[in-house]
Amino acid sequence: MNEKTINITSLVKDANDGLTADERASFKKYLAEKLQALDASSKSELLPRARLQLDVAEILNTLGRKKEAWDIAHEAFFITLQQGSWPDAVEACDVLYQATQPDSIAALGMGIWLSITFPVDPELTVAMLVHLIDETPNDSDGAAVAAMTGRYVVDLRADDDKHESLGFLIDNLISMVAKRHSNVQDQNAMDKWLDKLALREPQVFLPRMAQVVDAIVGDKWWFDRDELRNRLPD
């Protein structure tokens with residue numbers, strides 16, 4: 001799949017996201033190539049085939065063919081989950097969220113749970129949390145909890161060569177969330193905000209993050225979380 005980069009400016013909706021005629025033609029050509037590769041792939045090679053399905057679904061989303069994207073990404077999700085390919089399962093949830101179908105928010109929640117629970121690339125985890133923040137009202141404490149969870153994951157998992165850049169990005173994200181939540185403008189106000197919302201201790205904000213995920217998934221979990229926890233690497 002295409003490498004993703006986190007775009008914290010998604011907190012401000014961009015209404016002008018249409019494709020030009022040339023761009024649409026290019027994506028259609030790319031789709032035809034991926035579909036040809038998918039048709040030629042072996043059904044016994046489950047994971048490579050699922051990754052091709054996700055490529056196809058991403059292009060379908062870009063072309064506005066959301067229901068088709070959902071269907072193919074939904075199938076790929078269960079394959080990647082069965083195979084224990086956690087990054088691909090999270091990517092599938094990302095595609096399902098962007099397909100904007102009735103269960104897309106639940107898919108986002110499940111992707112966040114997987115990206116926090118399993119040791120995937122922290123950039124992917126933060127990207128999923130940005131989607132959640134983008135969905136929340138400005139005064140939502142859940143957005144603040146999500147931003148701080150992103151900081152925790154970056155500190156825990158980011159390699160030395162990525163920690164500085166990801167840390168800078170997530171700190172900017174926290175600042176944006178604090179500003180829209182409580183009009184935080186300076187470090188003194190930030191310190192008070194962090195204390196007021198009890199955002200300094202992981203043992204406090206991580207259970208709150210779990211509550212946020214439970215709230216957006218509800219009773220629509222597609223997997224047994226306890227069973228998956230048993231598959232965590234040592």
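Observations on the structure shown:
- Segment Ser41..Asn183, full-extension length gain: 45.9 nm, with 0.36 nm per residue of separation and the alpha-carbon distance subtracted.
- Rounded to the nearest 20 debye, dipole of segment 165-221 from Cβ charges on Lys, Arg, Asp, Glu: 140
- Gyration tensor verdict on segment 20-101 (Cα atoms; rounded if a/c is under 1.5, prolate if a/b is larger than b/c, oblate otherwise): oblate
- Per-residue ³J(HN,Hα) for segment 29-34, Karplus 6.51 cos²θ - 1.76 cosθ + 1.60, θ = phi - 60°, Hz, x for Gly and Pro: 5, 5, 4, 4, 5, 5
- Cα centre as origin, Lys/Arg/Asp/Glu Cβ charges: segment 66-131 dipole, Debye: 160
- Length added when fully stretched, Glu135-Ala21, from 0.36 nm per residue minus Cα-Cα: 38.1 nm
- For segment 49-64, the residues whose amide N sits under 18 Å from a probe point set 7 Å from the Cα of Thr100 along the beta carbon direction are 57-64.
- For the chain, the Cβ-based charge dipole about the Cα centre amounts to some 420 debye (Lys, Arg positive; Asp, Glu negative; other atoms uncharged).
- Signed unit charges on C-beta, dipole axis of segment 29-129, positive-most listed residue Gln83, Leu63, Pro119: Leu63
- Couplings for segment 217-234, taken from phi via the Karplus curve 6.51 cos²θ - 1.76 cosθ + 1.60 with θ = phi - 60°, read 8, x, 9, 9, 4, 9, 8, 8, 5, 5, 5, 5, 4, 5, 9, 4, x, 5 Hz in order; Gly and Pro are left as x.
- Cβ-based exposure ranking for Arg180, Arg231, in which fewest neighbours within 10 Å come first: Arg231, Arg180
- [x] 35; [y] 39; [z] 44, with the label sought being that of the calculated percent of Cα pairs over 25 Å apart: [z]
- Panel order for Phe78, Phe168, by other beta carbons found within 10 Å of each beta carbon, from fewest to most: Phe168, Phe78.
- Cα centroid separation - segment 71-146 against segment 167-227, whole Å: 16
- The region of the chain that goes longest without hitting one of the GluC sites (Glu not before Pro) in a DSSP loop, each with at most 13 other Cβ atoms within 10 Å, is 46-234.
- The phi-based Karplus calculation (6.51 cos²θ - 1.76 cosθ + 1.60; θ = phi - 60°) puts the 3J(HN,Hα) values of segment 85-97 at 8, 4, x, 5, 5, 5, 4, 4, 5, 4, 4, 5, 4 Hz, whole numbers, x for Gly and Pro.
- Cα→Cβ-extended label distance, 7 Å offset, between Gln203 and Asp234, nm: 2.7
Taken together, the values in this text are just the output of simple stated rules run on the coordinates, not laboratory data. All values reported here derive from a predicted model rather than from experimental measurement. Virtual Cβ from ideal backbone geometry, glycine too; neighbours counted across all protein chains shown.
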